[in-house]
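*Asks:* Quick one: structure below, then a few questions.
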Amino acid sequence: MPARPKTGRRRTIRVRGISVWLIALLVALVATVQIRSQAEVERSLIGTDPTSLAFLIDDLHRANESLDAEKADLVKQRGQLQSGQAGAADQVLTDEANRLRAIEGLTPVHGPGVVIVIDASGLTALDLQDALNNLAAGGAEAVDVNDRRVLMGVPVYQTGGGVTIDGAVVAPPWTISVIGDANRLGLVADLMTQQLRADRRVRTATYRVESDVVIRSVLTEKPFVYAVAS
Amino acid sequence: MSSRNLASTALLAVVALATGFVLAGQVKAQLLTPSNQVARYQALIRSVQELEATNADSRRQIASLRGQIDTLESQAAAQSAATQALRNEVADLRAHAGLSAMHGPGVAVSLRNGVAGPDAGAQTGYLVNFEDVQDVVNLLFAQGAEGIAVSGRRITPLSAFSGSAGQVVIDQGPPLSSPITVVAVGDRNRMQAALDDPSAIPGIRARQVQFRIHLTFEGSPDISLPAYDSSLQITHASPT
């Protein structure tokens, strides 16, 4: 009879031990599942987040619409050239030359857009380059800064005397005249001036939307020295 | 209750508590990532892929149409000296706008992602971004580059750079990501000297140190640039 309580205690200890091991096993199992599920999620979401993807889709839609417009324009040009009418080729070439002259900043242009005025001290060429890129991304078709025509390829450089455009110093305040879709450019200008006003170097940053911005400054065509047509 | 019993009860309580926490974590993780959320993400990816395919197809068509127009213009120019003069003028303007392929001496710059820092979740500084590409392109133009292409995409007078972390969008093209190659035709000695200058492109230089972003370049006696294959329309600006 004295052996009974000893056996009962042993059983209780064994049951407790098994319980602890079972729970430990469960913990290990759940922890493994948890870690693996997190790894799976990370793997599937690698790269771009859904918000960026949504923006990308929006950009691609807009880009594809522009490409469709370009295709339609080129099909029209091809049709004119194929028509065989007298002077058709001359007309296509003259229109193309006028369009390219405006794009390359070789002629004065006008149209709807915005005028941004930034008064600041200490802004650098990088700041101006960023502003110009933002406007280009907003659909700018022609840009002038303090009566200097600017487009991609025109050197905007930092010198000891300040920011230069094509070798000429542009002292603040900067008046940036931009032609393009006034609504779209207005949004860009609004965001830009808000950000600039938060910059300690900037005294004032304002913009106005105008129905007809006139840009009279022009660039001089530079012949190629190194490049050869393929 | 003996001290042994007390210890095993306490151990059981701790293990049960840990189980509860882990179970709660698991349930929460599953609630955050239901399968329909993953499906929605995959649908977004598919949309991007379809739009990119349409984009590439449109650009091929544009390149083909420009080729056909060039042939028709050439035929018309063969019949009239005035048309030929006009065509030469347009050819020159097209070359400056990036609408025709070119070659010549130049440099090829390669930009590659660096290494993520320990708190990489919050920082994307190790990724090549559109501002890096913009800075390199601006530097090369400032040093007299006569034409530039970024990973096969020709830069035009109206080109713009945009994108999010690690993605670079140029004009109407699909996003580019590391490695990105910037190829420029022009005075290669001048461009190489500028790229060698430690004070140039400060944003990239700082991240070269912090995140080991790669910027390498090589001069070449003959580099080719493709023609621009996207839209170059202006619909608001008119000659005065």
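Coordinate-derived values only; no laboratory data. If you're wondering where the values come from, they're calculated on a predicted model, not measured in any experiment. Every residue, glycine as well, gets a Cβ built from its backbone with ideal geometry; the counts of neighbours run over all protein chains shown.
*Asks:* What whole-number distance in Å separates the alpha-carbon centres of region A:199-230 and region B:190-240?
*Replies:* 19 Å
*Asks:* List the relative contact order of chain A as a percent without decimals, with contacts defined as Cα pairs under 8 Å and 6+ residues apart.
*Replies:* So the answer I get is 24 percent.
*Asks:* Follow-up question, since we're still on this one. Restricted to Cα positions, what overall size does region A:110-215 have along the principal axes? Three whole-Å values, descending.
*Replies:* Sorted from largest, the Cα extents of region A:110-215 read 37, 29, 19 Å.
*Asks:* Give the average, rounded to an integer, of partner chain Cβ atoms located within 10 angstrom of each Cβ in A:101-107.
*Replies:* 5
*Asks:* Send over the Kirkwood Rh of the protein assembly as shown, from the inverse of the averaged 1/r over different Cα pairs, rounded to one decimal Å.
*Replies:* Value: 26.1 Å, from the Cα pair sum.
*Asks:* In terms of modelled amide H atoms, which long-range or inter-chain residues lie less than 5 Å from the amide H of B:SER151?
*Replies:* Placed amide hydrogens put B:THR181, B:VAL182, B:VAL183 under 5 Å from B:SER151.
*Asks:* Size of region A:58-102 along its principal axes in angstrom, Cα-based, largest extent first?
*Replies:* Dimensions of region A:58-102 along the principal axes of its Cα atoms: 43, 24, 5 Å.
*Asks:* When you count, for each residue, the other Cβ atoms within 10 Å and take the mean per peptide, how do B:88-96, B:211-219 rank with the highest first?
*Replies:* The most tightly packed comes first, giving B:88-96, B:211-219.
*Asks:* Please give the average number of partner chain Cβ atoms lying within 10 Å of the Cβ of each residue in A:55-62, rounded to a whole number.
*Replies:* Average neighbour count from other chains, rounded to a whole number: 6.
*Asks:* Sticking with this one: Apply the Karplus curve 6.51 cos²θ - 1.76 cosθ + 1.60, θ = phi - 60°, to the phi angles in region B:225-240 and return the couplings in whole Hz, x for Gly and Pro.
*Replies:* 10, x, 7, 5, 10, 10, 7, 9, 9, 10, 10, 10, 8, 10, x, 6
*Asks:* Listing A:ILE165, A:ILE18, B:ILE170 from the residue with the fewest other Cβ atoms within 10 Å to the one with the most, what is the order?
*Replies:* A:ILE18, A:ILE165, B:ILE170
*Asks:* So what J values fall out for region A:149-161 if you push phi through Karplus, 6.51 cos²θ - 1.76 cosθ + 1.60 with θ = phi - 60°, rounded to Hz, Gly and Pro as x?
*Replies:* 6, 10, 8, 4, x, 7, x, 10, 10, 9, 10, x, x
*Asks:* Quick one: which of B:8-17, B:72-81, B:187-196, A:142-151 comes out on top by average Cβ neighbours within 10 Å, and what's the full order, highest first?
*Replies:* Those peptides, ordered most packed to least, come out A:142-151, B:187-196, B:72-81, B:8-17.
*Asks:* Starting with the highest mean, order B:225-233, B:52-60 by the number of other Cβ atoms within 10 Å, averaged over the residues of each peptide.
*Replies:* B:225-233, B:52-60
*Asks:* Which value, in debye to the nearest 20, describes the size of the charge dipole of chain B about its Cα centre when Lys and Arg Cβ atoms bear +1, Asp and Glu Cβ atoms bear -1, and nothing else is charged?
*Replies:* Dipole magnitude for chain B comes out near 980 debye.
*Asks:* Which three extents, in angstrom, do the Cα atoms of chain A have along their principal axes, listed largest first?
*Replies:* Rounded to whole Å, the extents work out to 123, 56, 41 Å.
*Asks:* How shielded is B:176-185 by partner chains, expressed as the average number of their Cβ atoms within 10 Å of its Cβ atoms?
*Replies:* Shielding by partners across B:176-185 averages 1.
*Asks:* Within 15 Å, Cβ to Cβ, of B:VAL150, how many net charges do the neighbouring residues add up to if Lys/Arg are +1 and Asp/Glu are -1?
*Replies:* In short, -1.
*Asks:* Assigning unit charges at the beta carbon (Lys, Arg +1; Asp, Glu -1) and nothing else, what dipole magnitude in debye, to the nearest 20, does region A:58-102 show about its Cα centre?
*Replies:* 200 debye
*Asks:* Taking amide H positions as placed 1.01 Å from N in the peptide plane, with prolines and chain starts having none, which residues 5 or more places from B:VAL169, or on another chain, fall under 5 Å of its amide H?
*Replies:* Here B:SER162, B:GLY163, B:LEU176 satisfy the definition.
*Asks:* Within the P(r) computed for chain B, what percentage of the Cα pairs occupies the region above 25 Å?
*Replies:* 60 percent
*Asks:* Tell me the mean residue ellipticity at 222 nm calculated for the protein assembly as shown from its helices only (DSSP H runs of n ≥ 4, each -39500 (n - 2.57), averaged over every residue, nearest 500).
*Replies:* It comes out at -18000 deg cm²/dmol, rounded to the nearest 500.
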